[in-house]
Amino acid sequence: MAKSNGIIVNGFYELESVYADYWNRKMGPKAWCVGPLCLAAPPQKKKQEEGKPVLYVAFGSQADISREQIKQIKTWLEKSGVNFLWVVGKNQVEDDDGFEYRVKDREMLVKEWVHQREILEHSSVQGFLSHCRWNSIMESICAKVSILARPMMAEQPLNAKMVVEDIGIGLRVETSDGSMNGFVKWEKLEKVVKELMEGEMGKELRKKVKRVGGAAAEAVAEGGSSWNALNELINELHAGRD
């Protein structure tokens with residue numbers, strides 16, 4: 001990295017100004033915030049078939065979730081009464097225990113690849129229980145959906161800290177031992193989801209994520225910070241060839 005000419009960042013300056021300014025001033029090589037990259041695709045029409053609020057649940061395809069943790073998630077989903085769409089990886093599926101039948105009137109359990117951004121863009125989706133990989137955070141921001149942070153591995157704990165403490169668009173799921181990626185009991189999930197979907201704090205989070213999502217759209221629009229950063233990057237690369 002130290003020998004490179006720069007770093008292209010899937011983020012936007014309004015979100016990461018403190019980090020980008022410090023990096024460019026103290027560290028280097030220069031970081032170019034040119035995202036969110038998911039907004040480079042043609043805009044999708046916001047789906048309007050709005051119904052009851054839905055919680056989207058996805059932990060990625062690489063997370064190693066214990067059978068006991070899966071059991072706790074199922075217990076919470078069954079007891080909570082919340083409408084949900086849960087995308088489970090192949091290594092996250094337990095033997096059939098009748099769970100799907102018992103919650104069939106308010107759930108969708110998907111065991112294959114999904115177009116996550118399209119799901120988040122649906123107007124019924126009101127929250128995202130996420131492992132906090134960066135792409136998921138960017139897609140959630142662009143869809144203006146608040147986040148329940150449940151990090152699992154790698155850089156996810158730092159991303160979760162940013163979501164909850166720095167930009168304030170999500171809530172943290174509490175673990176039994178207080179660690180960032182520890183075991184979560186169903187009662188803790190029920191409490192934080194209820195706050196997100198029905199509580200006053202959830203309303204404030206939705207207002208905040210709408211503002212941040214709006215800033216993301218402005219950043220990639222003509223004349224925005226990411227638009228200008230990309231042009232500057234291209235000009236600098238051309239100048240280096242002369």
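Mind checking which residues of the stretch 156-175 are within 18 Å of TRP76 (Cβ to Cβ) and aliphatic (A, V, I, L, M)?
Hits for the stretch 156-175 are LEU171, VAL173.
Of the numbered conditions (1) surrounded by fewer than 19 Cβ atoms within 10 Å (Cβ to Cβ); (2) over 22 Å from LYS188 (Cα atoms), SER140 fails exactly one; give the number of that condition.
Of (1) surrounded by fewer than 19 Cβ atoms within 10 Å (Cβ to Cβ); (2) over 22 Å from LYS188 (Cα atoms), only one is false for SER140: (1).
So which residues in the stretch 144-163 are closer than 15 Å to VAL54 by Cα and crowded, with 24+ Cβ neighbours inside 10 Å, if there are any at all?
Residues of the stretch 144-163 closer than 15 Å to VAL54 by Cα: 144-148.
Matches in the stretch 144-163: VAL145, SER146, ILE147, LEU148.
Just checking: which of the helices (runs of 4 or more DSSP H) contained wholly in the stretch 171-242 hold 2 or more residues that are under 30 Å from ALA41 (Cβ atoms) and of a type in the set (D, E, K, R)? It would help to see each step written out before you state the result.
Working: elements: 186-198, 200-220, 225-241.
Answer list for the stretch 171-242: 200-220, 225-241.
Being touching an Asp or Glu at 6+ places or on another chain (Cβ under 9 Å), modelled with pLDDT under 95 and closer than 19 Å to VAL192 by Cα narrows it down to one residue among LYS161, LYS79; which is it? Write out each step before concluding.
Values: LYS161 fails: touching an Asp or Glu at 6+ places or on another chain (Cβ under 9 Å).
So the residue among LYS161, LYS79 that is touching an Asp or Glu at 6+ places or on another chain (Cβ under 9 Å), modelled with pLDDT under 95 and closer than 19 Å to VAL192 by Cα is LYS79.
Which of the residues belonging to the stretch 118-137 are under 17 Å from PHE59 (Cβ atoms) and either surrounded by fewer than 19 Cβ atoms within 10 Å (Cβ to Cβ) or of a type in the set (Phe, Trp, Tyr) (or both)?
If the condition is that a residue be under 17 Å from PHE59 (Cβ atoms) and either surrounded by fewer than 19 Cβ atoms within 10 Å (Cβ to Cβ) or of a type in the set (Phe, Trp, Tyr) (or both), then PHE128, TRP134, ASN135 are the ones that fit.
Can you find a residue in the stretch 200-208 that is of a type in the set (Lys, Arg) and either under 20 Å from ALA31 (Cα atoms) or in contact with a Ser or Thr (Cβ under 7 Å, 6 or more places away or on another chain) (or both)?
Step one: of the stretch 200-208, the residues of a type in the set (Lys, Arg) are 203, 206-208.
Still in the running and either under 20 Å from ALA31 (Cα atoms) or in contact with a Ser or Thr (Cβ under 7 Å, 6 or more places away or on another chain) (or both): 206.
Yes, the conditions are met somewhere in the stretch 200-208.
Taking the stretch 57-89 only, how many residues are free of Cβ contacts under 8 Å to residues at least 40 places away in the same chain and on the phi > 0 side of the Ramachandran plot?
The qualifying residues number 1.
Take the residues in the stretch 9-19 that are over 17 Å from ALA221 (Cα atoms) and surrounded by 15 or more Cβ atoms within 10 Å (Cβ to Cβ); name whichever of them is modelled with the highest pLDDT.
So, considering only residues that are over 17 Å from ALA221 (Cα atoms) and surrounded by 15 or more Cβ atoms within 10 Å (Cβ to Cβ), the one modelled with the highest pLDDT is GLU16.
The values are calculated or read from the model by the stated rules, or taken from the named source; none is laboratory data. Note that this is a predicted model, so its numbers are computed, not measured. With ideal geometry, Cβ positions are generated from the backbone for all residues, glycine too; neighbour counts draw on all protein chains shown.
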